[in-house]
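A short worksheet on the structure shown next.
The values are calculated or read from the model by the stated rules, or taken from the named source; none is laboratory data. In this text the structure is predicted, and so the values were computed from the model without any measurement. Cβ: placed from backbone, ideal geometry, glycine included. Neighbour counts: every protein chain shown. Calculation scope for accessible area: heavy atoms of the full protein, side chains included, ligands and nucleic acids excluded. Shrake-Rupley method; radii C 1.70, N 1.55, O 1.52, S 1.80 Å.
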Amino acid sequence: MANAQTKTKPEETEVYTPVPKIVQATGIFSPAPSDAIVLFDGKDLSKWVMTEDRDKPAVWPVANNVFTVKKGKGSGNIETKQSFGNYQLHIEWQVPANIEGKGQGRGNSGLFLASLGKGDAGYELQILDSYKNETYTNGQAASIYKQLVPLANPTNKPGEWNSYDVIWTAPTFNNDKSLGTPARVTVLFNGVLVQDNVELKGPTQYIGDPAYKQAHGPAPIKLQSHGDPSAALNFRNIWLREL
Ligand code: MG
């Protein structure tokens, strides 16, 4: 391994080409099926807590049947009280029409398919305004951040709603804590297939290459408060079916 180099800068794991094609799609705005766990029904965040202190209720404001991650720092990530293994999940998100900023600083949030603790620990399905907003392709909306580029870009205009439908197969670990089977994910973004039963190399890593370093079981689902000045997004209609 004489030539092996350690990646130490965030830029070293950014990918820029090819750029996923733009697809126009309205989205899928589906009510919860009868056997779903409703994680947000428009009324309150009673199924969610603060990631940094799971004893604290989620403080993101709820109004008009949506909840909002505030602009700037200080909101903190939120995650579900309940932990999940394999599941099907539906979520709808909206970047406000008056969004500002560019690249990763434009409507950045994230859906962590399994939260592995404080901060951004876990497997992030990126949420970003990717409507006419260039950034690295493995960091645009519906990427598995810094890991898997989406197959297409059907992001709706700011002010319009988007949907993600996710099928998550959690990783498994052996008794000695080594990896048994890696995580897999399928994602439909506004009804368009963007991740096709792909394998994850490990939890999201901002710097360096991802790897499975920590054995874990069922985990909460987390939403990111990215903290950039533009990141005020709305969420609605979140439900999950355990598989
Ligand atoms: Mg993000």
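Data table
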| read-out | value |
| --- | --- |
| Region 23-35, residues that are small (Gly, Ala, Ser) and within 24 Å of PRO61 (Cα to Cα) | SER30, ALA32 |
| In region 111-124, the residues that are in contact with a Phe, Trp or Tyr (Cβ under 7 Å, 6 or more places away or on another chain) and within 13 Å of the ligand (Cβ to nearest atom) | LEU111, PHE112, LEU113, GLY122, TYR123, GLU124 |
| Scan of region 199-209 for residues that are surrounded by 18 or more Cβ atoms within 10 Å (Cβ to Cβ) and not polar (S, T, N, Q), ordered by number | LEU200, PRO203 |
| Enumeration of residues in region 226-243 that are within 16 Å of ILE127 (Cβ to Cβ) and assigned to a strand (DSSP E or B) | LEU233, ASN234, PHE235, ARG236, ASN237, ILE238 |
| Residue check, ALA63 under 24 Å from THR137 (Cα atoms), away from the ligand (no atom under 16 Å from the Cβ), more than 18 Å from the chain's Cα centre (by Cα) and not polar (S, T, N, Q) | no |
| Every pair of residues 6+ apart whose Cβ atoms lie under 6 Å, when the first sits in region 4-24 and is in contact (Cβ under 8 Å) with a residue 40 or more places away in the chain while the second is assigned to a loop (DSSP other than H, G, I, E, B) and open to solvent by 100 Å² or more (accessible area, probe 1.4 Å) | PRO10/TYR206 |
| Residue satisfying condition, being open to solvent by 20 Å² or more (accessible area, probe 1.4 Å) and away from the ligand (no atom under 16 Å from the Cβ), within set TRP168, TRP161 | TRP161 |
| Region 202-225, residues that are within 16 Å of the chain's Cα centre (by Cα), assigned to a loop (DSSP other than H, G, I, E, B) and away from the ligand (no atom under 16 Å from the Cβ) | GLY202, PRO220 |
| Flag for GLU92 being more than 16 Å from the ligand (Cβ to nearest atom) and either free of Cβ contacts under 8 Å to residues at least 60 places away in the same chain or not polar (S, T, N, Q) (or both) | yes |
| Any hit, region 176-189, residues being more than 15 Å from the chain's Cα centre (by Cα) and either within 16 Å of the ligand (Cβ to nearest atom) or closer than 21 Å to ALA36 by Cβ (or both) | no |
| Selection from region 127-158 of residues that are acidic (Asp, Glu) and within 14 Å of the ligand (Cβ to nearest atom) | ASP129 |
| Selected residue (criterion: modelled with the highest pLDDT) from residues of region 62-101 that are under 14 Å from SER225 (Cβ atoms) and open to solvent by 50 Å² or more (accessible area, probe 1.4 Å) | LYS70 |
| Single unsatisfied condition, ARG106 versus (1) open to solvent by less than 30 Å² (accessible area, probe 1.4 Å); (2) within 12 Å of the ligand (Cβ to nearest atom) | (1) |
